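Trainee: Following this message is one structure expressed as structure tokens.
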Amino acid sequence: MNRITNISPVNVSTSAIQIVPFDATRMSLLIRNASGGICFIGTSAKTPDVNGFPLNEGDSLSFKVVDGDASEVAFYAIAPSGDANLRIVMSYQN
């Protein structure tokens with residue numbers, strides 16, 4: 001079983017952006033707030049700051065198919081008080 005891993009930096013500010021697109025082949029996903037202020041992660045572009053999960057600097061979220069998580073869904077982020085620098089790690093089965 002071959003695995004492909006991609007690591008991407010994403011800068012988030014006061015406008016919600018899609019940080020991870022939907023991808024049915026994704027097996028795992030890690031989102032880490034590498035630096036900056038708090039940001040909120042959610043599955044809706046409209047309200048990630050209201051319904052999203054808060055990520056402080058140094059915090060991370062992970063999703064794995066083997067754990068029953070929905071790692072394939074799209075995720076959005078917003079940093080209401082300024083900028084946050086995220087690192088996204090995605091693994092796919094080849």
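Trainee: So how many Å³ per residue does the convex hull of the Cα atoms of the chain work out to?
Mentor: Working: hull volume 7.7 nm³, N = 94.
Considering the Cα atoms of the chain, their hull volume per residue is 81 Å³.
Trainee: Which net charge results when you count Lys and Arg as +1 and Asp and Glu as -1 among the other residues whose beta-carbon is under 13 Å from that of K64? The partial results should precede the final answer.
Mentor: On the way: positive: R3, R26; negative: D67, D69, E72.
Neighbourhood net charge equals -1.
Trainee: With +1 on each Lys and Arg Cβ and -1 on each Asp and Glu Cβ, how big is the dipole of the chain about its Cα centre, in debye rounded to the nearest 20?
Mentor: Rounded to the nearest 20 debye, it is 180 debye.
Trainee: Which of D69, D83, D49 moves the most in a Gaussian network model of the chain with Cα springs under 10 Å?
Mentor: Of D69, D83, D49, the most mobile in the Gaussian network model is D69.
Trainee: How high is the relative contact order of the chain, in percent, with contacts defined as C-alpha pairs under 8 Å that are six or more residues apart?
Mentor: Reported as a whole number, the value is 50 percent.
Trainee: Between V66 and I17, 0.36 nm times their residue separation minus their Cα-Cα distance comes to what?
Mentor: 14.9 nm
Values quoted throughout were computed directly from the atomic coordinates according to the rules given, and no laboratory measurement underlies them. Predicted model only: the values in this text are computed from it and were never measured. So basically every Cβ, Gly included, is an ideal-geometry build from the backbone, and we count neighbours across all protein chains shown.
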